[in-house]
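S.K.: Dropping the structure in here first, questions after.
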Amino acid sequence: MGTHEYEDDPRNEDVLISVNGELFPRKEAKVSVFDSGFLLGDGVWESFRLHDGKLVFIEEHLDRLFHGASEISLDPGRSRHEIRSEINRVISANEMHDNVHLRLIVSRGLKPTPYQAPWVISSKPTIVIIPEFKKANEKRSIDGISLVSVDIRRSGPEVQNPRINSLSKHNCIAACIEADNKGGEEGLMLDPNGFVSTCNSTHFFMVRDGVVWTSTGEYCLDGITRRKVLEICDSHGIPYTLGNFTFEDVHLADEAFVTGTFAGLTPVISFDGTVIGQGSRGRVCERIQQLYQELVMR
């Protein structure tokens, strides 16, 4: 499972899930087969962490949610305050405090018949909040993961806006399948111009001669953790560059790591079967991990 490997928690069998403001036990939480999210992948989503009673970077996640909804002309039908209040109600109802992962899904709502046009709709948007007691496998943050190159590429906005958290994830799913077939734990994807963009479910960074490299960000999700890493580099004098580079450059990296909301920073120990650096977590990655954890704690 790579960066998404987690410790199983039996409490999740009994969590309460919010569907349009009503709480259901996990086994009873359902949406209609006529929901546009199910029929068409028409909607947006966010995931975030509850750490020590605090929703980490929640305002930035909500910014991204509402921006993504606007990009696909979807009005969630609830205010930011209403959504935030429902998130808090779900947390309280489940007596959650720490090591919790939440997924918030907003679809365009029910359709009277299976049909693509977004204005053919018969209900308010569907909003689902799935909370889980979910702690990342801490060994991954030290031992790392293996990456492989994949042929599936990130698209430009003329195909599907790669900067938003759309429910339509086929592109990334296809890359995930290809990576697994090649024996990797994540797939490193190129942008339409043949430069490194992002992984199928995380953002990619590498280090050469003490400088942190990452893509321009033009063809990848506007990652919150990615943003925080760049802010950390800015505030702690760690040199970095946003630009175009290739798979060949990755093979020459001294170290590499990926980022995501669930696991934070995870080292990359190999790429296409070639060991990166010493084949273990690098010093720059370890330092940024520590600074990131301090940021989360604050």
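Coordinate-derived values only; no laboratory data. Just so it is clear, the model here is predicted, and its values are computed rather than measured. We place every Cβ from the backbone using ideal geometry, glycine too, and count neighbours over all the protein chains shown.
S.K.: Under a point spin-label approximation (7 Å from Cα along Cα-to-Cβ), what is the Asp98-Arg227 distance to one decimal in nm?
M.R.: Reported label-point gap for Asp98 and Arg227 is 2.7 nm.
S.K.: Once the Cβ-Cβ distance between Ser155 and Glu7 is put in as r, and R0 is 30 Å, what FRET efficiency do you end up with, to the nearest 0.05?
M.R.: My answer for the efficiency is 0.30.
S.K.: Let me ask you something else. Which aspartates and glutamates, on any chain, are close to Lys124 with Cα under 20 Å apart, when same-chain ones fewer than 8 places away are left out?
M.R.: Excluding near neighbours in sequence, the set is Glu22, Asp35, Asp42, Glu46, Glu71, Asp75, Glu82, Glu86.
S.K.: A further question on this structure: Quick check: pseudo-label points 7 Å beyond the Cα along Cα→Cβ at Arg80 and Ile142, how many nm apart are they?
M.R.: With each label placed 7 Å out from Cα toward Cβ, I get 4.0 nm.
S.K.: Given H placed 1.01 Å from N in the peptide plane, which residues other than close sequence neighbours of Thr216 have an amide H under 5 Å from its amide H?
M.R.: Residues meeting the criterion, in which the H sits 1.01 Å from N, are Gly243.
S.K.: Moving to a separate point now. What ranking do 159-171, 98-110, 194-206, 69-81 get when scored by the average of other Cβ atoms within 10 Å per residue, highest first?
M.R.: 194-206, 98-110, 159-171, 69-81
S.K.: Rounded to whole Hz and in sequence order, give me ³J(HN,Hα) for the stretch 7-19 from the Karplus expression 6.51 cos²θ - 1.76 cosθ + 1.60, θ = phi - 60°, writing x for Gly and Pro.
M.R.: Running phi through 6.51 cos²θ - 1.76 cosθ + 1.60 with θ = phi - 60° gives 8, 5, 10, x, 4, 5, 5, 10, 5, 9, 10, 8, 10 Hz.
S.K.: Another question, then. Once amide H atoms are placed 1.01 Å from N in the peptide plane, what residues at a sequence separation of 5 or more from Gly223, or on another chain, have their amide H within under 5 Å of its amide H?
M.R.: none
S.K.: Using 1/(1 + (r/R0)^6) with R0 = 35 angstrom and r between the beta carbons of Gln278 and Lys169, what's the FRET efficiency to the nearest 0.05?
M.R.: With R0 = 35 Å, the Cβ-Cβ based efficiency is 0.55.
S.K.: Between Ser270, Ser201, Ser166, whose Cα lies farthest towards the positive end of the dipole of the chain when Lys and Arg beta carbons carry +1 and Asp and Glu beta carbons carry -1, centred on the Cα centre?
M.R.: Looking along the dipole axis, the top candidate is Ser166.
S.K.: Output wanted: per-residue J couplings in Hz (rounded whole) for the stretch 154-165, from phi through Karplus 6.51 cos²θ - 1.76 cosθ + 1.60, θ = phi - 60°, x for Gly and Pro.
M.R.: Rounded to whole hertz, the list is 6, 8, x, x, 6, 9, 7, 4, x, 8, 10, 7.
S.K.: Compute the length gained on full extension between Leu295 and Glu60: take 0.36 nm times their separation in residues and subtract their Cα-Cα distance, giving the result in nm to one decimal.
M.R.: Once the chain is fully extended between Leu295 and Glu60, it gains 83.2 nm.
S.K.: Which whole-number percentage describes the relative contact order of the chain, with Cα contacts under 8 Å and a sequence gap of 6 or more?
M.R.: For the chain, the relative contact order is 18 percent.
S.K.: Would you mind checking Lys134/Lys182; Lys54/Lys135; Lys54/Lys134 for any pair whose Cα atoms are more than 18 angstrom apart?
M.R.: Those over the limit are Lys134/Lys182.
S.K.: Evaluate the charge dipole of the chain about its Cα centre and quote only its size in Debye, nearest 20, assuming +1 on the Cβ of each Lys and Arg and -1 on the Cβ of each Asp and Glu.
M.R.: Here the chain has a charge dipole of around 600 debye.
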